[in-house]
Amino acid sequence: MHISDSHVETLLSKSGLATSEQLVALRDQETAKNKSLQDIVVENGITSEKDLTKLYAAEIDVPFIELNPKEITHDSLDLLSERIARQYNAIVFAEEDGAKLVAMADPDDVQALNFLQKQLGSNIRVHIATENQIQAALDVYRGGNIAGELTDAISKDEAAQGFADEAINEADLAEDSPIAKTVNLLVEYGIKAGASDIHIEPREGFVVVRYRVDGLLREANKLPRKVLGALVSRIKILADLKIDEHRAPQDGRFKISVGQLTYALRVSTLPIVDGEKVVMRILNESSKPATLPELGFWGQALATLQQAIVQPHGMVLVTGPTGSGKSTTLFSVLSLLNTPNVNISTVEDPVEYRIQGVNQTQVNPLAGMTFESGLRALLRQDPNVIMVGEMRDKQTADLGVQAALTGHLVFTTLHTNNAATCLPRLLDMGVEPFLIASTVRAVVGQRLVRRLCVDCRETFPPDVLMLGEVEKTFQVTKHGGIPELHKLEEQALADGIGKTDSKAKLDTSTLSTTSSAITTLYKAHNDGCASCNHTGYKGRIGIYEVLDNSPGLQGLIVSNATSEQLNQTAVNDGMVTMQLDGLIKALRGQTSIEEILRVTAQD
């Protein structure tokens, strides 16, 4: 849907969303960025696409509809072919009193309306929906049948003879070839399934396609072995890699648009015994950075981190294993600090999130660009804020500490099990204890856990045996007992953790604890539902601990205290441990006890 600039101005003025001065500024941005005023308004957070569409619907007197793809039946879809629906960006979503209810992104499209009336008859009622909702509804036509579509693509005439590993010709790799369609299908289904990674893995007699969804790998399909060569070559062409190099690993990147969103795919190839394996990391470049509360920070952890990131200098460390969301946390923090009067420079491996206005540098060891050399160069670029993707050696750690001492705010990551272990790790790298004590502002330890599906999660009253296990496993007594747990849950609810959405089927506005007992726990539904692909979980959320480098801790660091001593002192100072944070989020209905234990059992 495209709303004219004049209409956008009228809508913003009438609704009081923008003053005349703001409209002038928005117009200037429109000219500078060569975008429509509608896009600039949404980009600046003046209003959302949905709310702007609602205002426009009221203005032109066309009812607004919020489409739910799960409620659209195939009987309704069958009234209009997929080809026509996609061509005119319209969909029949229901029938009512003999009238066909049609949702359109642009109800002002006279040509589309005339054609739809010829196809469906004159008794149609037109509604307006957002572009994204129309696209999501159009995907219902496919029904998620990746196996059928891949089989159809591969079984084309060209596929039967052109996919031998030894003989790959230009026709096999053309834009309109079956193998190109196969790659597009693999990527599209990965995006729609909410996957973070796509694995294409050769085996002796076939090729396995697996998606990592919510942190767990799931097998999606098996392809004929004969497609491997063309499949890998097509991906290499997209990622600008050498298609004739099969003995060395390669890394590349390409972009794809699905609906109205742009995704970057980070490609990694690796020679294995059975051929070349390809892994594609999916990054949504259209997504806005989440706020710290949206990531799952609350209470003292949120306050400590917010205070640390506004310091004029010092170091903030984020720790956790690979795939624990460290880059996402730093992406959100840097976006908060990203203003025209702040020079932010990063050196990363790889650059996962592109942040407009931030100077981002990719590590390239072959060209001599390491974390150490990149950081040395950044320090000569007059930065205010520096982000180093990872501290891997003494030289980088020393440079980071020196930067923090000389008036820079430094963000970096380390691979340690928890926040307290991070400080002795710096000692192991050879950084002097007094330098660690004086430069580190805060340390964030984190993991990602699967979020319970809000459409099918269930509550249950725990029995005595389970309560005993929970109190023992999460060391509730050590953290002040049930009364303190109750206070923490109250604070979490007040900070919006587990706050009930108006559409949620289960009310989570009441507490799961009293001052003397745990009364309610949440679990995944055994068979899940269609919304969560019958897993019981949908999406992920972070669990965190944020260690504040208090004067007491600084004294322990200088005296070379152990990580256990540092951790206990931080807990005494009020730090909520990662496992306890997970328990609070399980009590708030965001995840399950089993999921917290799965992720934190080794800590």
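The values are calculated or read from the model by the stated rules, or taken from the named source; none is laboratory data. Computed from a predicted structure; not experimentally measured. Please note: Cβ atoms are built from the backbone with ideal geometry, for glycine as well, and neighbour counts cover all protein chains shown. Side chains included, ligands, DNA and RNA excluded: accessible areas come from the protein's heavy atoms. Shrake-Rupley method; radii C 1.70, N 1.55, O 1.52, S 1.80 Å.
For the stretch 410-463, how many residues are farther than 23 Å from Leu378 by Cβ, of a type in the set (A, V, I, L, M, F, W, C) and either open to solvent by less than 40 Å² (accessible area, probe 1.4 Å) or assigned to a strand (DSSP E or B) (or both)?
10
Within the stretch 57-102, which residues are in contact with a strand residue (DSSP E or B) (Cβ under 6 Å, 6 or more places away or on another chain) and either aromatic (Phe, Trp, Tyr) or in a helix (DSSP H, G or I) (or both)?
Ala57, Phe64, Ser76, Ala85, Phe93
Given the criterion crowded, with 17+ Cβ neighbours inside 10 Å, touching a strand residue (DSSP E or B) at 6+ places or on another chain (Cβ under 7 Å) and of a type in the set (Lys, Arg), identify the matching residue among Arg266, Arg218, Arg234, Arg247.
Only one candidate qualifies: Arg266.
What tally of residues in the stretch 66-102 results from selecting those that are at positive phi, touching a helix residue (DSSP H, G or I) at 6+ places or on another chain (Cβ under 7 Å) and open to solvent by 90 Å² or more (accessible area, probe 1.4 Å)?
0
Within the set of pairs 6 or more residues apart or between chains, which connect a residue that is among the aromatic types (Phe, Trp, Tyr) inside the stretch 433-450 to a residue that is assigned to a helix (DSSP H, G or I) with Cβ atoms less than 8 Å apart?
From the stretch 433-450, the pairs are Phe434/Val558.
Scan (1) in a loop (DSSP other than H, G, I, E, B); (2) surrounded by 15 or more Cβ atoms within 10 Å (Cβ to Cβ); (3) not small (Gly, Ala, Ser) for the single condition Asn526 breaks and write down its number.
Failed condition: (2).
Scan the stretch 251-263 for residues that are among the polar types (S, T, N, Q) and open to solvent by 50 Å² or more (accessible area, probe 1.4 Å) and jot them down.
Ser257, Gln260, listed by residue number.
Sort out which residues of the stretch 274-326 are free of Cβ contacts under 8 Å to residues at least 60 places away in the same chain, open to solvent by 50 Å² or more (accessible area, probe 1.4 Å), within 30 Å of Ile40 (Cα to Cα) and part of a helix (DSSP H, G or I), and write them in order of number.
Answer for the stretch 274-326, where residues must be free of Cβ contacts under 8 Å to residues at least 60 places away in the same chain, open to solvent by 50 Å² or more (accessible area, probe 1.4 Å), within 30 Å of Ile40 (Cα to Cα) and part of a helix (DSSP H, G or I): Glu294, Gln306.
Quick one: in the stretch 181-190, which of the residues that are touching a residue at least 60 places away in the same chain (Cβ under 8 Å) and crowded, with 18+ Cβ neighbours inside 10 Å is nearest to Asn533 (Cα to Cα)?
Out of the qualifying residues, it is Gly190.
Take the residues in the stretch 496-510 that are surrounded by fewer than 19 Cβ atoms within 10 Å (Cβ to Cβ) and touching a residue at least 60 places away in the same chain (Cβ under 8 Å), then tell me which one is nearest to the chain's Cα centre (by Cα).
Ranking the candidates gives Gly496 first.
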